[in-house]
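These notes concern the structure reproduced below.
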Amino acid sequence: MKVLVINCGSSSLKYQLIDSESEAVLAKGLCERIGIDGSSVTHQKAGGPKKQEDADMSDHTDAVKIVIEKLTDPEDGVIDSLSEIGAVGHRIVHGGERFQGSVLIDEDVMEAISECSALAPLHNPANLIGIRSCRKVMPGVPMAAVFDTAFHQTMPPKAYLYGLPLEYYEKYKVRRYGFHGTSHDFVSRRAAQILGKSRDELRIIVCHLGNGASVSAVRYGKSVDTSMGLTPLEGLIMGTRSGDMDPAIVGFLAEKEGMSASQVIDVCNKRSGVLGLSGGISSDFRDLAEAASGGDETAKTALEAYAYRVGKYIGAYAAAMNGVDVIAFTAGVGENNAEVRQMIGQYIGFLGTSIDPEKNRIRGEEVILSAEGEKVVTMVVPTDEELAIARETVRLAGNR
Ligand code: AMP
């Protein structure tokens, strides 16, 4: 079956067409600036060049139509007609407590996703627009919703409750949800597979280190803790997000800078993390590594603070699971940035593992970084969220 995977933002739409038998990506692309002047589509057929062109897209339905045009284009396309698309998988950011796993989309599910919008006001409405647009352009094609939060729904109350009055949980569902669940699930599964073991017998710490970053504790196949919370702001220092901090800072800065609470939170989301810590050099770890190697002390400190926070979470999750068998690094930084991995390596020796500098030279490949015979296996496992969504979609939609 050919599965179209859609990741819809408020003005963008990313897509991949995946053949579920071979698991090959047949084509992929991105529609940008939807509903804004200067909208464009970038499309790439497997093995072909990336082609970007201007395209009129007044809304997401236009964008989905353009995606179908590209996929069926005589030159750049990979299918003859829309009817070859067997199912569509949608990445949905927030499933609240309602969704413990992926589901086939119907009116009820759409309503529930809409109800979760209060918890993810920037993402869920955009995800829903993506679903509606696809249903318009592809009526009758089965569609699945795959949630970023679902994998973490196995966290116990002691891990997901904040130390706040319980009434806020009861009234508003203020609790920790966690994100990147599709990736934590995929990587922990794959790590076990690489080691020839069942995930059900392993305690795995997954470090998803991308622009957004989170760590999870996966104990015998189930997420028992993760570093992101009610929103993706909690936990690690990220590209532009602060991660954990004293919540009193919000009120303090609001008063000092004459900002509202939501303006301070905006700073915490968009101008903080390694970008903020480096005094604005960059949120991109490649730029920071370059600045640090050129002697920039703020860039160096930003990277050290980043690695230190990851190290602390690894220690915390080893305690949470009363031990750890595997530590897996993934996503942009985790897969590619040897310097950051090496820096994190300083904090894991006490667990009985290490990062071998020779093995650590690799980029973007599955590799075991720890030495033979060490108590804990440390490894790199590239993530593939689109493939994970496609697999879930096929599981639900059946191989029709
Ligand atoms: P993601 O959000 O998973 O796409 O990750 C984005 C982050 O990964 C950026 O900060 C990049 O600097 C980092 N990254 C991606 N590729 C590389 C690379 N080849 N070397 C170092 N860092 C990389």
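Taking 21 Å as the limit for the C-alpha separation, the pairs 2/197; 45/136; 50/359; 45/65; 256/300 exceed it in the case of 2/197; 45/136; 50/359; 256/300. The packing ranking, built from the mean of other Cβ atoms within 10 Å per residue, places the peptides 11-19, 71-79 in the order 11-19, 71-79, highest first. The Cα-based radius of gyration and maximum Cα-Cα distance (Dmax) for the range 1-159 are 16.0, 56 Å.
Expressed in units of 2.2 N^0.38 Å, where N is the residue count, the Cα radius of gyration of the chain is 0.99.
The separation of the range 217-273 from the range 143-195, counted between C-alpha centres, amounts to 17 Å. Computed across the range 245-400, the Kirkwood radius stands at 18.0 Å (inverse of mean 1/r, all Cα pairs).
Charged neighbours of residue 248, selected by a Cβ distance under 15 Å, balance to -3 (K, R count +1; D, E count -1). Among 365-371, 60-66, 199-205, sorting by the average number of other beta carbon atoms lying within 10 angstrom of each residue, highest first, gives 60-66, 199-205, 365-371. Positive contributions from Lys and Arg (+1) and negative ones from Asp and Glu (-1), summed over other residues with Cβ under 10 Å from the Cβ of residue 352, come out at 0.
Most tightly packed first, judged by the mean number of other beta-carbon atoms within 10 Å of their residues, the peptides 344-355, 121-132 read 121-132, 344-355. The largest-to-smallest principal axis extents of the Cα set in the range 79-121 are 40, 18, 17 Å.
Where a number appears in this text, it was derived from the coordinates with a stated rule and is not lab data. Owing to the predicted nature of the structure, the values given are computational and were not obtained by experimental measurement. Glycine gets a Cβ as well: all are built from the backbone with ideal geometry, and neighbour counts include every protein chain shown.
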